[in-house]
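The values are calculated or read from the model by the stated rules, or taken from the named source; none is laboratory data. Keep in mind the model is a prediction, meaning the values are calculated, not measured. Neighbour counts are summed over all protein chains in view; Cβ atoms, including those assigned to glycine, are modelled from backbone coordinates with ideal geometry. Just so you know, the surface numbers come from the protein's heavy atoms only, side chains and all, with ligands and any DNA or RNA stripped out. Shrake-Rupley method; radii C 1.70, N 1.55, O 1.52, S 1.80 Å.
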Amino acid sequence: MSIDRFIMGFAGSVVLIATLLGMLVNTNFLYLSLFIGFMLLQASITKFCPLAWIVKILGGQSKNFF
């Protein structure tokens, strides 16, 4: 699996989980969704994603974006 697919899958999962937790447990979990959205936006502009950087160090292969 490429880094790009891993990042999109991870970010999507965190957003879904945080949104569900925000609806069912505490609305402060919505800040996590906001943070992930902000990080995806800045990564699209700067091409720097901290999670992609960590996965590259651990040996992940980049094919498209990161």
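Of (1) open to solvent by 50 Å² or more (accessible area, probe 1.4 Å); (2) in a loop (DSSP other than H, G, I, E, B); (3) not basic (Lys, Arg), Gly60 satisfies all except one. Which?
(1)
Answer yes or no: is there a residue in the stretch 18-25 that is in contact (Cβ under 8 Å) with a residue 24 or more places away in the chain and not β-branched (Val, Ile, Thr). Reasoning before the result, please.
Step one: of the stretch 18-25, the residues in contact (Cβ under 8 Å) with a residue 24 or more places away in the chain are none.
Checked against the condition, which is being in contact (Cβ under 8 Å) with a residue 24 or more places away in the chain and not β-branched (Val, Ile, Thr), the stretch 18-25 yields no hits at all.
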